[in-house]
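First up is the structure itself, then whatever we jot down about it.
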Amino acid sequence: MTFITFLSDYGPGDEYVGVVHGVIASIAPDARIIDLGHGVPPQDVRTGARRLARALPFVPAGVHLAVVDPGVGGERRAVALRAGGRWLVGPDNGLLIDAAERFGAARAFDVGASPWRLEPVSATFHGRDIFAPVAAHLALGEEPSEEFDPATLVRLEPVAPSEGAAIVLEVDSFGNLRLDAPAGATPTRVNDHAVVNARTFGDVEPGALLLYTASDGTLALAVNGGSAAALLGVRAGDEIRIT
Amino acid sequence: MTFITFLSDYGPGDEYVGVVHGVIASIAPDARIIDLGHGVPPQDVRTGARRLARALPFVPAGVHLAVVDPGVGGERRAVALRAGGRWLVGPDNGLLIDAAERFGAARAFDVGASPWRLEPVSATFHGRDIFAPVAAHLALGEEPSEEFDPATLVRLEPVAPSEGAAIVLEVDSFGNLRLDAPAGATPTRVNDHAVVNARTFGDVEPGALLLYTASDGTLALAVNGGSAAALLGVRAGDEIRIT
Amino acid sequence: MTFITFLSDYGPGDEYVGVVHGVIASIAPDARIIDLGHGVPPQDVRTGARRLARALPFVPAGVHLAVVDPGVGGERRAVALRAGGRWLVGPDNGLLIDAAERFGAARAFDVGASPWRLEPVSATFHGRDIFAPVAAHLALGEEPSEEFDPATLVRLEPVAPSEGAAIVLEVDSFGNLRLDAPAGATPTRVNDHAVVNARTFGDVEPGALLLYTASDGTLALAVNGGSAAALLGVRAGDEIRIT
């Protein structure tokens, strides 16, 4: 059994995700596809990279396709990375490399001119025309040829919050907030709200704000039985004051 | 072929659903997973329980995973219920029992300390760390050991509408409303709107409000070619006057 | 391996999609289901028809189930169309025929009274009670019997934009707009905004509006790094002035 995982910003409602599944199934009908969510905010490469890195340790080794690709059709490379027995496939814009290096040093291949592409290749849907067929052929055990120096892979610049502040990295569907805050911080206030340092939601009163360590080891804010995003009136990218 | 079904309030966009799929696939790669929707309103155990009970009669017998779990990481038990040759897995908060008992009396097992758990167990993502591996091992035909008296399972208190009123239990993506109204009611008005008792949408004029028996036998309101939720300006949990 | 694809307006969150999967799996457990998106705007047959026609050339031949069905339970026929070795299953309201004819002339079968239906057939959920079991039995290689003249199939009336205008056919999750505009048009303004004729998003400045040929060959508008729908303040069905 070969598994292909797939994460994108295509949204859960349109036909794009299904078309990618269809292209894969046409080439590698026995591969099993696991969707890792397609609700990455449009073109938000950082959020896609974090979700991919969080998810991959929990899925079977295989081919890991990820597409958040504001530079589609332009100069950015299309790549396949090999790390720890896994293949990661997607654009060379920082989306893949953090997740790949969790499994060891990566080898890198340029697949932008792969013979596996669907012709004619469109300028705006490389998920369908390049990445899906490449992922499917890798799942069949085939090898890409255009290897290059992985030191040239694009990496995301770290973003540092201001002093005394944290950045809201993500808001999930519960309204829980993932923070870019120093581990071990034990603030008592977030903006104008009291916050309790706790282990899980039910450790605080209903409606109370808690700071906790999320399941991937990062700091997070939640409201027991409610939405921290709504309480604080914030969204991804906002800074909050923690004191 | 073993089927695992999966319903939750994780939302369709984040990576949580895919991570649960990945954990299951890592343990039971041949099991087939059928998603029964992940758009239960956050932490709304009642809606999750109704959807699970409505869906299970139409899916193959197997392992039925459901996670709507505001008490995650706290005192609530994590359980597996055995009924009519099916396994139901999730939190002991009333989510599972109505669905289970449609298939006969249930046996109950506490899986909160199961040796199948992923270590370290997080405080906030038991779908990944407890429920998914338990579901996967049950799909492999293994048995849990910590049986307890099912009479102690948590059950949801019934909610009764006021006299002359009905509660809007759910709003689906069409804006159709499921009601907690007495079967056989034949009202002529809902709030300030005339309503027609009808069999299906096209039996009334475009834009007209109809009361009908939904596909699971409960009463429902819809607008032909429109949204009853928008027309009435109501959402789940609201009471409406029916006269 | 038999593939069944499935497109609908059921929304990604409710249990309806999963129930259809469950019914299919109960009858044809070895069939693989590929979802082609369930976010068609409620009851928008035209958008469903376009998405189905765009997607099918990229998925393996098999059984293609599509349900956007405002006339459910009424007089409209339930049909299975045979074209180019594929089966298309759904309501006879124009949803299927354009996609079918891409694969050749279609034969048509009325499946509304099929012996494969789930009894009792509800008045409002034919996806579950008629279309899913029909799709599953076709996937098993069985044949329907009630053939009729495909010339009597319902077809959608073409909609023509006003002179100097284009209709926004669809808005995807990126805010990109698909237009019903004459191919080869090279306008310089859309409403009050300058537009650049370009090949892909990155060919224009960030925030600039571009007109491009989408991956299915139709004309489309986008904003590099943004949302054309938000910039223009339009939604599906609106007309825009192109000059």
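Numerical summary
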quantity: Residues located in segment C:89-112, provided they are closer than 13 Å to C:PRO57 by Cα and free of Cβ contacts under 8 Å to residues at least 40 places away in the same chain; calculated: C:ALA100, C:GLU101, C:GLY104
quantity: Candidates A:ILE33, A:ILE27, filtered to the one that is away from chain B (no Cβ under 12 Å), more than 9 Å from the chain's Cα centre (by Cα), over 24 Å from C:PRO42 (Cα atoms) and open to solvent by 10 Å² or more (accessible area, probe 1.4 Å); calculated: A:ILE27
quantity: All positions within segment B:223-243 that are open to solvent by 30 Å² or more (accessible area, probe 1.4 Å), without any contact (Cβ under 8 Å) to a residue 60 or more places away in the chain and not in a helix (DSSP H, G or I); calculated: B:GLY225, B:SER227, B:GLY233
quantity: Residue within segment A:45-67 that is free of Cβ contacts under 8 Å to residues at least 40 places away in the same chain and under 14 Å from the mean Cα position of the chain (by Cα) present; calculated: yes
quantity: Residues located in segment B:129-142, provided they are more than 15 Å from B:ILE33 (Cα to Cα) and either at the interface with another protein chain (Cβ under 9 Å from one of its Cβ atoms) or touching a strand residue (DSSP E or B) at 6+ places or on another chain (Cβ under 6 Å) (or both); calculated: B:ASP129, B:ILE130
quantity: Residue ID - least open to solvent (accessible area, probe 1.4 Å), chosen from residues in segment B:69-83 that are of a type outside the set (A, V, I, L, M) and within 22 Å of B:GLY104 (Cβ to Cβ); calculated: B:ARG77
quantity: Flag for C:GLY94 being open to solvent by less than 10 Å² (accessible area, probe 1.4 Å), at positive phi and of a type outside the set (Lys, Arg); calculated: yes
quantity: All positions within segment B:195-230 that are of a type in the set (Asp, Glu) and within 21 Å of C:VAL45 (Cα to Cα); calculated: B:ASP203, B:GLU205
quantity: Options B:THR186, B:THR243, B:THR213: the member that is hydroxyl-bearing (Ser, Thr, Tyr) and under 27 Å from the mean Cα position of the chain (by Cα); calculated: B:THR213
quantity: Residues that are open to solvent by less than 20 Å² (accessible area, probe 1.4 Å) and either at pLDDT below 95 or among the small types (Gly, Ala, Ser) (or both), drawn from segment C:58-68; calculated: C:GLY62, C:ALA66
quantity: Residues satisfying the stated conditions in segment A:82-106, i.e. in contact with a His (Cβ under 9 Å, 6 or more places away or on another chain) and under 29 Å from C:PRO206 (Cα atoms); calculated: A:LEU88, A:VAL89, A:GLY90, A:PRO91, A:LEU96, A:ALA99
quantity: Residue count for segment C:1-24, restricted to those that are surrounded by fewer than 21 Cβ atoms within 10 Å (Cβ to Cβ) and either among the acidic types (Asp, Glu) or more than 7 Å from every other protein chain (Cβ to nearest Cβ) (or both); calculated: 1
quantity: Filtered residues of segment B:197-243 (kept if of a type in the set (Gly, Ala, Ser) and farther than 27 Å from B:ALA53 by Cβ); calculated: B:GLY202, B:GLY207, B:ALA208, B:GLY225, B:GLY226, B:ALA230, B:GLY233
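For (1) at the interface with chain B (Cβ under 10 Å from one of its Cβ atoms); (2) of a type outside the set (A, V, I, L, M, F, W, C); (3) under 19 Å from A:PHE148 (Cα atoms), each residue gets a yes or a no:
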{"site": "A:PRO41", "(1), (2), (3)": "yes, yes, no"}
{"site": "A:VAL45", "(1), (2), (3)": "no, no, no"}
{"site": "A:ARG50", "(1), (2), (3)": "yes, yes, no"}
{"site": "A:ARG54", "(1), (2), (3)": "yes, yes, no"}
{"site": "A:VAL59", "(1), (2), (3)": "yes, no, no"}
{"site": "A:VAL67", "(1), (2), (3)": "no, no, no"}
{"site": "A:VAL79", "(1), (2), (3)": "no, no, yes"}
{"site": "A:LEU88", "(1), (2), (3)": "no, no, yes"}
{"site": "A:LEU96", "(1), (2), (3)": "no, no, yes"}
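The values are calculated or read from the model by the stated rules, or taken from the named source; none is laboratory data. The shown structure was predicted, so the numbers you read here are calculated from the model rather than taken from an experiment. Heads up, the Cβs are rebuilt from the backbone with ideal geometry, glycines too, and the neighbour counts pull from every protein chain shown. SASA here: full protein model, heavy atoms, side chains in, ligands and nucleic acids out. Shrake-Rupley method; radii C 1.70, N 1.55, O 1.52, S 1.80 Å.
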